[in-house]
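Read the structure below first, then the notes.
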Amino acid sequence: MTTGQKHPDRDLRVVFMGTPEFAVASLEALLDSGFEVAAVVTSPDKPAGRGRLVSKPAVKVFSEKHGLSVLQPENLKDQSFIERLRELKADVFVVVAFRMLPEAVWRIPAKGTINLHGALLPQYRGAAPVNHAIINGETVTGVTTFLIDDKIDTGNILLREEVPILQDENAGDLHDKLMALGGPLIIRTLEGIASGTLKPRSQDEFIRPGEILRNAPKIFPENCIIDWNNPPAVIHNLIRGLSPYPCARSVFDNRSVTVSYKICKSQPEEIEHAFKPGQVISDGRGYLKVACTGGYISILELQPESKRKMAAAEFLRGFRISGFTAGIS
């Protein structure tokens, strides 16, 4: 192959769509692999933080550093935006952590619009696959590339790659692991599309006999409240599945004072005891745990309302825990 000539398996013109840091790794992989990125579509800049200063999406920051053309439509159905996409004459659109696309957009490229999903489809369709996989106690997950269709996360599968979920891994850890896997999987997917060797497969082919499909809807505040009547493993999975954000939460309550807090890190203990679920047990200095059905949850790191994250020992130095129980806020 002569100098400057494009590798035949990478002879695709791509429009990339994404917003957060998770998507940056995939965009970087596209550039490093020599694919032509005609433009990048991301969300509009918006105010963020206490100062409400205007913040650029992570994908935009990266794109500007690399001289990529950036589109930031407010409305994905806007005709001028759709016409601009057509003018780019891309072979394929690549979507990573972006908004749901209207049909008028995803049907534009001749070779389709592919999406990277942070789970092994058809399991965990939805907005929060990383969180729900851990919350449900899964030991394996992965990433999937698939062709977008008119429903959410239901299109034909192109490639999947599995990864184990470690026992004490939280959502942040797993997010980073899947982010690192996503870029290479997208490259392999695009190479297969360019060479014509990759054939899309129905998601039904990946459902094992008797398998129950679980969804991964968006996480709301009410989903973060701990029920201390659950066993230790269930509570621990909720805590790590919501850490580092938005975090599982509860309250310390002695009828006269109520302290809301988030649990950032925990350790489960399965053992029979005589305490009621929600009873707080502590020596007031180092350890802090809450009784639940069939055991305890040791709170290793927490964040009281309007305060920073801290270790349990640090929290106990400034808060007398005697006489409190844990409950829902």
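Read-outs: derived from the displayed coordinates by stated rules, not from any lab. Source: prediction; values computed, not measured. A quick note on method: Cβ atoms are made from the backbone with ideal geometry, for glycine too, and the neighbour counts reach across all protein chains shown.
So if I take the alpha carbon set of the stretch 183-329, get Rg, then get Rh from the Kirkwood formula, what is the Rg over Rh ratio?
Taking Rh as the inverse mean 1/r over Cα pairs, Rg/Rh reads 1.19.
Given 37 °C and 0.692 mPa s, compute D for the chain with the Stokes-Einstein relation, Rh being the Kirkwood radius over Cα pairs; round to the nearest whole µm²/s.
On the way: Rh = 22.0 Å.
D = 149 µm²/s.
Which of the trypsin sites (Lys or Arg not before Pro) found in the stretch 240-277 are loop residues per DSSP with 12 or fewer other Cβ atoms within 10 Å of their Cβ?
ARG255
For the chain, modelled as a Gaussian network with Cα springs under 10 Å, which listed residue fluctuates most, VAL59, VAL105, VAL257?
Among VAL59, VAL105, VAL257, the largest mean-square fluctuation in the Gaussian network model of the chain belongs to VAL257.
Nearest 5 is fine: what % of DSSP beta bridges in the stretch 221-327 come out antiparallel, could you say?
Once the DSSP bridges in the stretch 221-327 are tallied, antiparallel ones form about 95 percent.
Among MET100, MET179, MET310, MET17, which comes first, second and so on when ranked by fewest other beta-carbon atoms within 10 Å?
MET100, MET310, MET179, MET17
Do the alpha carbons of any pairs in LYS218/LYS276; LYS46/LYS265; LYS60/LYS151 sit beyond 29 Å of each other, and which pairs?
Working: LYS218/LYS276 32 Å; LYS46/LYS265 31 Å; LYS60/LYS151 27 Å.
Those over the limit are LYS218/LYS276; LYS46/LYS265.
Relative contact order of the chain, please, whole-number percent, based on alpha carbon pairs below 8 angstrom and at least 6 residues apart. Mind showing how you got there, number by number?
On the way: 694 pairs, mean separation 44.6, N = 329.
The normalised contact order for the chain reaches 14 percent.
What is the helix-to-structure angle for 171-195, meaning the angle in degrees between its Cα long axis and the longest Cα principal axis of the chain, kept from 0 to 90 and rounded to the nearest 10?
Tilt relative to the chain: about 20 degrees.
Roughly what angle does helix 232-241 make with the longest principal axis of the chain, taking Cα atoms, 0 to 90 degrees, to the nearest 10?
Helix 232-241 sits at roughly 40 degrees to that axis.
So which residue, out of THR258, THR141, THR154, gets the largest mean-square fluctuation from a GNM of the chain using Cα contacts under 10 Å as springs?
Sorting by GNM fluctuation, first place goes to THR258.
For helix 21-32, what angle does its Cα long axis make with the longest principal axis of the chain, in degrees from 0 to 90 and rounded to 10?
Once rounded, the angle reads 30 degrees.
Can you sort HIS117, HIS132, HIS273, HIS175 so the residue with the fewest Cβ neighbours within 10 Å comes first?
The most exposed by this proxy come first: HIS273, HIS175, HIS132, HIS117.
Which of the trypsin sites (Lys or Arg not before Pro) found in the stretch 130-206 are in a DSSP loop and have at most 14 neighbouring Cβ atoms, other than their own, within 10 Å?
Those that pass, being in a loop and sparsely packed, are LYS151.
Can you give the charge dipole size of the stretch 221-327 about its Cα centre, rounded to the nearest 20 debye, using +1 on the beta carbon of Lys and Arg and -1 on the beta carbon of Asp and Glu? Could you put the intermediate results ahead of the total?
On the way: 13 positive and 10 negative charges, 87 e Å.
With Lys and Arg at +1 and Asp and Glu at -1, about 420 debye.
As a test, work out the antiparallel percent of DSSP beta bridges whose residues both lie in the chain, rounded to the nearest 5.
Approximately 70 percent, going by the DSSP bridge assignments.
Provide VAL96, VAL234, VAL14 in ascending order of the number of other Cβ atoms located within 10 Å of each residue's Cβ, fewest first.
VAL234, VAL14, VAL96
Please compute one quarter of the surface area of the Cα convex hull for the stretch 95-174 and express it in square nanometres.
If you wrap the Cα atoms of the stretch 95-174 in a convex hull and average its projections, you get 5.1 nm².
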